[in-house]
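Input: a single structure, listed below in structure tokens.
The values are calculated or read from the model by the stated rules, or taken from the named source; none is laboratory data. None of these values were measured; they are calculated from a predicted model. Glycine also receives a Cβ, built like all others from the backbone with ideal geometry; neighbour counts cover every protein chain displayed.
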Amino acid sequence: MAPNLTTSCTLINDPLQLERLSPEWMSLLERSAVNEPTMSAAWLLTWWRVFGPLGGRQLRAATFREGGRLIGLAPLLIRRQLYRGHLPFRRLELLGTGENPEDEICSDYSNVIAERGKGDRVYNALVQALARGQFGNWDELIVPMADGAQETYKMLIGCFKGAGFLTKSQIVSAAPYITLPRSWDEYLGSLSSDNRYYVRRSIRDFRAWAGDDIELKCASTAEELEQGKRILMDLHQERWRSRGQPGVFTSPRFRQFHDRVLPQFLTEGALELLWLEVRGEPVAALYNIIWNGKVYSYQSGRRLNLPRGLRPGVVVHAMAIQRAIRMGLREYDFLAGVSRFKRTLALESRPLVHVRVARRSFMEYARMAMETGIARTRGLRRAMRRMCNPGGERTVIGRTGEAAYGAGD
């Protein structure tokens with residue numbers, strides 16, 4: 001009979017100690033249900049080197065062990081956050097999240113890491129450590145962009161609820177994806193007739209313009225990495241400048257993060273930096289990550305000064321999907337966002353969930369009162385507008401941001 005092991009929680013405040021954990025970290029990630037590139041040591045340690053010194057962030061990572069074996073990791077930090085510019089909250093959040101919007105790297109599928117089958121023990125140990133003050137004083141814990149199709153986030157919320165903490169979760173985005181079949185024809189057959197026509201027409205029109213001088217290149221050396229990175233940045237920035245927006249590569253910290261993480265992924269065989277050339281000139285580029293049998297399409301760019309109606313972004317994605325099928329990969333993930341090309345190419349979608357946990361404290365009740373007052377004021381203003389203009393109509397224009405992932409049409 002297996003011994004009843006106690007789950008221990010050890011806090012890590014020293015970044016060097018967290019770095020030394022990398023081999024165990026990566027072994028745990030492979031045994032977990034959240035084996036994502038954005039939860040890897042390369043991604044999160046690089047993020048800490050770039051963003052950790054900013055905004056008063058302090059490392060509060062925690063390891064969870066049974067009999068010396070690492071079964072969980074909470075890569076957390078703590079910092080001060082002002083609600084509505086007034087209420088000071090001590091926020092615990094995951095590494096890889098919480099940057100300023102102009103620097104945001106978008107770490108989709110963020111979560112606490114737990115070995116499969118041991119999530120309840122890891123999450124309960126985390127909750128108990130937080131309740132007894134092992135992490136120091138804190139007011140709220142944020143887990144943004146968790147995979148809503150996984151049971152892990154529900155288990156995490158359940159543990160906090162059971163301990164009496166206030167919890168809230170809401171779907172904030174969606175990640176379209178393709179469960180890859182055995183052939184390209186089988187994939188096309190899974191699309192709706194309209195989407196299948198759109199993809200075939202995009203490829204046909206592009207090949208009619210480009211002729212036979214088409215080449216899809218993939219960076220495999222340090223020199224090719226630098227070449228592909230310049231192409232990606234130029235094409236991405238061209239796309240966003242045309243819309244009067246800066247594009248993500250104008251952020252020095254965004255560039256610095258990817259300048260550091262891309263060579264690591266290349267060395268590990270996890271980087272798929274592609275660019276499509278016609279007559280020797282690049283017309284589209286993709287920054288993909290290959291991880292755990294999946295392709296994650298993280299970033300893209302394309303030329304604009306092409307004949308009207310050509311869709312190089314769709315074509316380069318189609319070629320990357322064909323490449324993934326040939327490689328025997330299981331999924332092509334477009335990550336967060338619902339732009340047209342994603343809806344056209346994807347076959348399914350998973351929700352992305354924002355989780356917030358709060359202590360029952362004076363500051364939390366003050367925040368709730370403030371939010372209630374603001375909601376009532378807004379309702380009163382709307383009622384007054386209706387009274388002053390009973391027959392009028394008001395149009396609200398929403399904005400969907402996908403700056404981190406580029407455009408694919």
>> Kindly evaluate GLY280 against the criterion of being surrounded by fewer than 18 Cβ atoms within 10 Å (Cβ to Cβ) and either touching a Ser or Thr at 6+ places or on another chain (Cβ under 8 Å) or closer than 26 Å to ARG323 by Cβ (or both).
In response: yes
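Does LEU126 qualify as being closer than 17 Å to ILE12 by Cβ, in contact with a Phe, Trp or Tyr (Cβ under 8 Å, 6 or more places away or on another chain) and assigned to a helix (DSSP H, G or I)? Can you show your working first?
On the way: closer than 17 Å to ILE12 by Cβ: yes; in contact with a Phe, Trp or Tyr (Cβ under 8 Å, 6 or more places away or on another chain): yes; assigned to a helix (DSSP H, G or I): yes.
For LEU126, the condition - closer than 17 Å to ILE12 by Cβ, in contact with a Phe, Trp or Tyr (Cβ under 8 Å, 6 or more places away or on another chain) and assigned to a helix (DSSP H, G or I) - is met.
Go through the residues of segment 266-284 one by one and say whether even a single one is β-branched (Val, Ile, Thr) and free of Cβ contacts under 8 Å to residues at least 12 places away in the same chain.
First pass over segment 266-284, keeping only residues β-branched (Val, Ile, Thr): 267, 278, 283.
Now restrict to residues that are free of Cβ contacts under 8 Å to residues at least 12 places away in the same chain: 267.
Within segment 266-284, one or more residues are β-branched (Val, Ile, Thr) and free of Cβ contacts under 8 Å to residues at least 12 places away in the same chain.
Give segment 218-275 a look and list any residue that's of a type in the set (Lys, Arg) and surrounded by 15 or more Cβ atoms within 10 Å (Cβ to Cβ), or say none.
Of all residues in segment 218-275, those of a type in the set (Lys, Arg) come to 229-230, 239, 241, 243, 253, 255, 260.
Answer for segment 218-275, where residues must be of a type in the set (Lys, Arg) and surrounded by 15 or more Cβ atoms within 10 Å (Cβ to Cβ): LYS229, ARG239, ARG253, ARG255, ARG260.
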> If you go through segment 81-96 one residue at a time, do you hit one that is modelled with pLDDT under 95, assigned by TED's automatic domain parsing to the domain that holds PRO15 and within 23 Å of the chain's Cα centre (by Cα)?
Replying inline: yes
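Considering LEU262, LEU225, which residue is in contact with a Leu (Cβ under 7 Å, 6 or more places away or on another chain), assigned to a helix (DSSP H, G or I) and in contact (Cβ under 8 Å) with a residue 40 or more places away in the chain? First the steps, then the outcome.
Working: LEU262 fails: in contact (Cβ under 8 Å) with a residue 40 or more places away in the chain.
The conditions single out LEU225.
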> Cβ-Cβ below 7 Å, separation at least six or inter-chain, first residue in segment 18-30 and in a helix (DSSP H, G or I), second not aliphatic (A, V, I, L, M): which pairs?
Replying inline: MET26/SER40; LEU28/GLU115; LEU29/ASN35; LEU29/SER40
>> When you check ALA346 against the structure, is it on the phi < 0 side of the Ramachandran plot, at pLDDT below 90, out of contact with any Ser or Thr (no Cβ under 7 Å at 6 or more places or on another chain) and aliphatic (A, V, I, L, M), yes or no?
In response: no
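Matching residues to (1) in contact (Cβ under 8 Å) with a residue 12 or more places away in the chain; (2) outside the structural domain of ASN305 (by TED's automatic domain parsing); (3) not basic (Lys, Arg):
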residue	(1), (2), (3)
ARG204	no, no, no
ALA210	yes, no, yes
THR221	no, no, yes
PRO252	no, no, yes
> Can ARG49 be described as among the charged types (D, E, K, R) and over 19 Å from the mean Cα position of the chain (by Cα)?
Replying inline: no
>> Return the residues of segment 1-17 that are of a type outside the set (Ser, Thr, Tyr) and either closer than 11 Å to GLY96 by Cα or assigned to a strand (DSSP E or B) (or both); say none if nothing qualifies.
In response: CYS9, LEU11, ILE12
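On the basis of being part of a loop (DSSP other than H, G, I, E, B), at pLDDT 95 or above and either surrounded by fewer than 16 Cβ atoms within 10 Å (Cβ to Cβ) or not assigned by TED's automatic domain parsing to the domain that holds ARG49 (or both), does GLN134 make the cut? Let's see the steps before the verdict.
Numbers: part of a loop (DSSP other than H, G, I, E, B): yes; at pLDDT 95 or above: yes; either surrounded by fewer than 16 Cβ atoms within 10 Å (Cβ to Cβ) or not assigned by TED's automatic domain parsing to the domain that holds ARG49 (or both): yes.
So GLN134 fits the description; yes.
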>> Of all residues being under 18 Å from GLY119 (Cβ atoms) and under 19 Å from the mean Cα position of the chain (by Cα) in segment 1-46, which is surrounded by the fewest Cβ atoms within 10 Å (Cβ to Cβ)? Just the residue, please.
In response: GLU30
> For segment 146-179, what are the residues that are in contact with a Lys or Arg (Cβ under 7 Å, 6 or more places away or on another chain), closer than 10 Å to VAL357 by Cα and outside any loop (DSSP other than H, G, I, E, B)?
Replying inline: LEU166, THR167, LYS168
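Looking only at segment 346-369, which residues are among the hydrophobic types (A, V, I, L, M, F, W, C), closer than 21 Å to ARG196 by Cβ and under 19 Å from the mean Cα position of the chain (by Cα)? Step through it out loud before you land on a result.
In the first step, residues of segment 346-369 are kept if they are among the hydrophobic types (A, V, I, L, M, F, W, C); the result is 346-347, 352-353, 355, 357-358, 362-363, 366, 368-369.
Retained after the next criterion (residues that are closer than 21 Å to ARG196 by Cβ): 346-347.
ALA346 - this is the single residue of segment 346-369 that is among the hydrophobic types (A, V, I, L, M, F, W, C), closer than 21 Å to ARG196 by Cβ and under 19 Å from the mean Cα position of the chain (by Cα).
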> Does LEU310 count as modelled with pLDDT under 95, under 30 Å from CYS218 (Cβ atoms), surrounded by 10 or more Cβ atoms within 10 Å (Cβ to Cβ) and of a type in the set (A, V, I, L, M, F, W, C)?
Replying inline: no
> Residues in segment 152-159: is at least one surrounded by fewer than 21 Cβ atoms within 10 Å (Cβ to Cβ), at positive phi, out of contact with any Cys (no Cβ under 6 Å at 6 or more places or on another chain) and assigned by TED's automatic domain parsing to the domain that holds GLY117?
Replying inline: no
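So that you can scan it fast, the table gives a plain yes or no per residue for (1) touching a strand residue (DSSP E or B) at 6+ places or on another chain (Cβ under 8 Å); (2) farther than 22 Å from PRO351 by Cα:
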| site | (1), (2) |
| --- | --- |
| ASN100 | no, yes |
| GLU104 | no, no |
| SER110 | yes, no |
| ARG116 | yes, no |
| TYR123 | yes, no |
| VAL127 | no, yes |
| LEU130 | yes, yes |
| GLY136 | yes, yes |
| TYR153 | yes, no |
>> Here is a check on your reading of the model: is VAL143 among the β-branched types (Val, Ile, Thr), in a strand (DSSP E or B) and surrounded by 18 or more Cβ atoms within 10 Å (Cβ to Cβ)?
In response: yes
> How many of the residues making up segment 116-142 are free of Cβ contacts under 8 Å to residues at least 12 places away in the same chain and under 16 Å from ARG69 (Cα atoms)?
Replying inline: 1
